[in-house]
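The structure under discussion appears below in the form of C-alpha cells.
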Amino acid sequence: MIKIFKLKNIISIKDFEREDVEYILDEAAKLEDIAQSKEVSEELKGKLLGLMFFEPSTRTKMSFETAIKRLGGDGIGFENSGSSSVSKGESIADTAKMFEGYCDALVIRHELEGVSKFISDIVDVPVINAGDGAGQHPTQTLLDLYTIKKEIGKIDDLKIALIGDLKYGRTVHSLSNALGLFKNIKIYLVSPPELRMPQEILHDLNKTNVEYVVADNISEVIDDVNVLYVTRIQKERFIDIEDYLKIKGAYIINKKMLEGKDLIVMHPLPRIDEIDTDVDDTKYNKYFVQAANAVPVRMAILKTLIKNNPK
Ligand code: CP
C-alpha cells in the first residue's frame, strides 16, 4: 500500500496520527546516509527554506539549515527579531508574507504560543513550528521518537521518566501528546511541585489511555524506566528570578546513579547542570546522538512537505 503524508503544516504533534509519525520516521531512516554526507542529494535543488527565529536556537536552526543543504537546497533567515525589520515595527504578518515570496517553506520559532499557527493561516507555503513559547516543539518530538525507536527498537511498551521543568518545557508537552499514539506507555512525571505538567496535557494523557505517575524524586522511578528524558529548568519563562533560583539544580543525573541500570538518558538540550558531564562518556548518553538525529528527521520533514506542496 502506498503511504501518504496528509499534513501541509507541522504546527502541533496533536495534528498527527500514528501513521503520520511512522511515515516521517521511515523517511528519515532512508535519508541517514545523505544526512551523514556519505551520499549527495539534489532532491530539493533550487528550493529555499525561510528560517524565522525570533528566539535563540542552536540545534533546531542549525539542523534545519543542514537538512535543506544536504537535500541540495538552501536556507535564508534571521536569528533574532533585532536583525530583521520587526525591530523597526514591521508586523509578524508582513514579515511572513515577505518570506513566503522568497521561500518554499517557513520554519518559525517564537516566544508566544500560537504564532506558527497564525502564520500558517496567512501564507500558502508549508509552515513548521520550531518551538512556540511553552507550547509545542513537534519536530523535536519526531527526532525524540526516532531516537527511542533506534536505540530501544520500538516505541510501544515504553516506560519513560520526563524530568525537570514539565510546566514550561515544550518538548515534554509535545512528547507526552505523541506517546498517546503508541501502545502500553507509562510516563513518570518527575518535577518540583511548582513545575508540574499542565492539566491540559494530563487531560490529553487520560484521553489517550496513557498511564502516568507524578513523582518528586528520580530515585522513585529510576529502576522502572527505559528512558530518562531530562529537561532544563526554563529560566527565561520565569517572571520572578527568585523563583527560578529556588528550583535551579533540583535534579542532577550523574554516572553513579546510572551504574547497573538498563536505560538510556535523553535530553533535548541545551543542558545547564541537569546531567553531569561524567555521564557523557558512558553508554547511557544518547543526548548527543539525539541531537544528530535531528538532521535525517528534519530532512524527511522538508522533503515531504516541500515535494507535496510545490509553489
Ligand atoms: N532542542 C532545541 O530546541 O534546542 P535549540 O533551542 O538549541 O534549538
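The values are calculated or read from the model by the stated rules, or taken from the named source; none is laboratory data. Source: prediction; values computed, not measured. Cβ coordinates were reconstructed from backbone atoms using ideal geometry, including for glycine residues, and neighbour counts include every protein chain displayed.
Scanning the range 11-55 for residues being of a type outside the set (S, T, N, Q) and over 19 Å from F182 (Cβ atoms) gives a total of 24. Within the range 127-179, restricting attention to residues that are crowded, with 24+ Cβ neighbours inside 10 Å and acidic (D, E), the residue that is nearest to A292 (Cα to Cα) is D144. No other residue among S174, S191 is in the same structural domain as I253 (by TED's automatic domain parsing) and under 30 Å from K47 (Cα atoms) apart from S174. Filtering the range 20-56 to residues that are more than 16 Å from the ligand (Cβ to nearest atom), under 25 Å from G114 (Cα atoms) and either in contact with a His (Cβ under 9 Å, 6 or more places away or on another chain) or part of a helix (DSSP H, G or I) (or both) leaves D20, V21, I24. Checked against the criterion of being closer than 20 Å to Q290 by Cβ and either touching a Pro at 6+ places or on another chain (Cβ under 7 Å) or among the basic types (K, R) (or both), the range 89-100 has no qualifying residue. Determine whether K61 is touching a residue at least 24 places away in the same chain (Cβ under 8 Å) and closer than 17 Å to N129 by Cβ. Here the answer is yes, as K61 does meet what is asked.
Being within 16 Å of the ligand (Cβ to nearest atom) and of a type outside the set (S, T, Y) is the filter here; which residues of the range 60-102 pass it? The answer is K61, M62, F64, E65, A67, I68, G75, G77, F78, E79, N80.
Within the span defined as the range 15-31, one or more residues are buried (at least 19 other Cβ atoms within 10 Å of the Cβ) and touching a Pro at 6+ places or on another chain (Cβ under 7 Å). Looking at the range 266-293, which of the residues that are within 16 Å of the ligand (Cβ to nearest atom) and among the aliphatic types (A, V, I, L, M) is nearest to A161 (Cα to Cα)? The extreme case among them is M266.
Checked against (1) within 16 Å of the ligand (Cβ to nearest atom); (2) surrounded by 19 or more Cβ atoms within 10 Å (Cβ to Cβ), L263 meets all criteria but (1).
For the range 242-256, give me each residue that is part of a loop (DSSP other than H, G, I, E, B) and surrounded by 12 or more Cβ atoms within 10 Å (Cβ to Cβ). Across the range 242-256, the qualifying residues are K248, A250, Y251, I252, N254. Of the residues contained in the range 103-111, one or more are found to be closer than 16 Å to I10 by Cβ, within 15 Å of the ligand (Cβ to nearest atom), β-branched (V, I, T) and in contact with a Ser or Thr (Cβ under 7 Å, 6 or more places away or on another chain).
The residues of the range 270-293 that are in contact with a Ser or Thr (Cβ under 8 Å, 6 or more places away or on another chain) and in a loop (DSSP other than H, G, I, E, B), listed by number, are P270, E274, K286, N293.
Which of the residues that make up the range 57-85 are surrounded by fewer than 21 Cβ atoms within 10 Å (Cβ to Cβ) and assigned to a loop (DSSP other than H, G, I, E, B)? Scanning the range 57-85 gives S57, T58, G72, E79, N80, S84.
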